[in-house]
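Encoded as structure tokens, the structure appears first; notes follow it.
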Amino acid sequence: MSVQASSASIAGKPCRWGIMGAAAIARKNWQGLRWAENSRLIAVASRSLERSQSFILECQGSVPQPHEVEALGSYEELLAHPEVDAVYIPLPTGVRKEWILRAIAAGKHVLSEKPVTVSVRDLREIVAAAQKANLQFMDGVMFMHSARLEPMVAQIMDSERVGRVRRICSHFSFHAPESFFKENIRASDKLEPLGCLGDLGWYNIRMTLCGLRGQMPHTARARCLQTTGNGVPTEFSAELDFEGGTTASFYCSFHTETQQWAHFSGEKGYVSLDDFVLPWFGTASRWSSHQAQVVAEGCFMRMENHERYHAVDEIATGGSTAQETNMFRTFSNNVLTNSPDSYWPEMALKTQLVLEACLLSARKDQPVPVEAC
């Protein structure tokens, strides 16, 4: 899971990218492509030429690419483009599978937004197709490419300072206005049927898995706390049980104010961060480790928090060290060296397996086993 070292363009040739769709998140990844030195954005495709042109014009006005970016009026044009090696697909989950498979069939490497698909079955089909074609497939979880992830997980695994991890908790939410539930695609049962569980819970699950270096839970117990009128989850909580007694919980919601914290409790200490998805604005990504102690002296008792603060240099809002830049840098390096890394589709599949078990548990109102990867 560590961020790979920068790979300069092989023989001067960068990985050439296309963006399929003009979603808002694509603007952030436009910037990641700008600063990854082994990547070059060739084209943007949308459902109309005008929409692609408008997207490019607005992004160029904010973070200019050092070269012209071609506007295309259909997704088919992008997949047929001879100068595009890889595509980033931020289309809605409900239609994403079709275009991922079409991109793979066209010989394109694929970086997909998350949740990747509506079901584990669909994702298995995608992973198998990419593997057969020797193409890189990855989901767009940016925090996995943050420079802080590996040193933080190493501390979580520290047998002396944290000890055996017993409990993991995480929370990811934002308070959406009423108009969101009527107008935003994340409340649509056709486009985003997994709702907050797919949009936010995907990150909770992934951070839990990362903290345990990919260990899978064996059981999920979950509750859908609120839904839209058409059954899309808008507030969700879950409990996960692992071998050895470790447990994890997560909460994701469109109804509570913005929070994105994670907490890893061990037998000797704990590790905590309050910005695990999007690092707080600044030039460093931080986290803390703690070993609390109660000290009694006569009639006096005090609680001591033996805390340490840690940080890595990382610009949260873009640039050469940002996590989204590292994501494209890592992906492009795998393409340029013709060495697709199976770790990335494996983690996507593990996340989808846990998510599907949580959704099934909530619907049945009972614990369910988590399918093996």
Name the residues in the stretch 209-220 that are closer than 21 Å to ARG363 by Cβ and buried (at least 19 other Cβ atoms within 10 Å of the Cβ), would you? PRO217, ALA220
Restricting the stretch 300-311 to residues that are surrounded by 10 or more Cβ atoms within 10 Å (Cβ to Cβ) and within 35 Å of the chain's Cα centre (by Cα), the residue that is modelled with the lowest pLDDT: HIS306
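Filter the stretch 22-55 down to the residues that are touching a Pro at 6+ places or on another chain (Cβ under 7 Å) and part of a helix (DSSP H, G or I), then identify the one that is surrounded by the most Cβ atoms within 10 Å (Cβ to Cβ). I'd like the intermediate steps shown before the answer.
Our first condition is that a residue be touching a Pro at 6+ places or on another chain (Cβ under 7 Å); within the stretch 22-55, this holds for 23, 25-26, 38-40.
Pick out the ones that are also part of a helix (DSSP H, G or I) and you get 25-26.
Working: ILE25: 14, ALA26: 21.
Here the answer is ALA26.
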Under the condition of being more than 16 Å from LEU135 (Cβ to Cβ) and not charged (D, E, K, R), which residue from the stretch 82-94 is surrounded by the most Cβ atoms within 10 Å (Cβ to Cβ)? THR93
Hits in the stretch 167-183 - residues which are in contact with a Ser or Thr (Cβ under 7 Å, 6 or more places away or on another chain), under 16 Å from GLU235 (Cβ atoms) and either hydrophobic (A, V, I, L, M, F, W, C) or outside the structural domain of PHE250 (by TED's automatic domain parsing) (or both): PHE174, PHE181
Whether any residue in the stretch 290-297 is within 25 Å of ASP139 (Cα to Cα) and of a type in the set (A, V, I, L, M, F, W, C) is what I want to check. no
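Look through the stretch 252-265, keep the residues that are surrounded by 22 or more Cβ atoms within 10 Å (Cβ to Cβ) and not in a loop (DSSP other than H, G, I, E, B), and return whichever of them is farthest from the chain's Cα centre (by Cα).
PHE264
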Right, THR317: within 21 Å of PHE172 (Cβ to Cβ), among the hydroxyl-bearing types (Ser, Thr, Tyr) and assigned to a loop (DSSP other than H, G, I, E, B) or not? yes
When every residue in the stretch 22-60 that is of a type in the set (A, V, I, L, M) and in contact with a Phe, Trp or Tyr (Cβ under 8 Å, 6 or more places away or on another chain) is compared, the one modelled with the lowest pLDDT is ALA22
Pairs under 8 Å by beta carbon, first residue in the same structural domain as GLY266 (by TED's automatic domain parsing) in the stretch 208-227, partner among the aromatic types (Phe, Trp, Tyr) and assigned to a strand (DSSP E or B), six or more apart or different chains? THR208/PHE250; GLY211/PHE264; ALA222/PHE236; ARG223/PHE236; CYS224/PHE236; LEU225/PHE236
Can you go through ARG124, ARG186, ARG148, ARG164 and tell me which one is within 20 Å of ALA238 (Cβ to Cβ) and among the basic types (Lys, Arg)? ARG186
Given the residues GLU324, GLU297, GLU314, GLU346, which is the only one that is over 19 Å from the mean Cα position of the chain (by Cα) and not aliphatic (A, V, I, L, M)? GLU297
If you check THR234, THR247, which single one turns out to be of a type in the set (S, T, N, Q), in the same structural domain as TYR309 (by TED's automatic domain parsing), modelled with pLDDT of 95 or more and surrounded by fewer than 20 Cβ atoms within 10 Å (Cβ to Cβ)? THR247
Could you list, in sequence order, the residues of the stretch 167-201 that are in a strand (DSSP E or B) and either surrounded by fewer than 22 Cβ atoms within 10 Å (Cβ to Cβ) or without any contact (Cβ under 8 Å) to a residue 40 or more places away in the chain (or both)? ARG167, CYS169, HIS171, SER173
Would you please list the contacts, defined by Cβ atoms under 6 Å and residues six or more apart or on different chains, that run from a residue in the stretch 67-85 that is farther than 14 Å from ILE104 by Cα to a residue that is part of a loop (DSSP other than H, G, I, E, B)? GLY73/SER48
Whichever residue in the stretch 202-233 is part of a loop (DSSP other than H, G, I, E, B) and β-branched (Val, Ile, Thr) and, among such residues, is nearest to ALA357 (Cα to Cα): VAL232
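The values are calculated or read from the model by the stated rules, or taken from the named source; none is laboratory data. Just so we're clear, the structure is a prediction, and the values are computed from it rather than from any experiment. Here the Cβ is made from the backbone with ideal geometry for all residues, glycine too, and neighbour counts use every protein chain on show.
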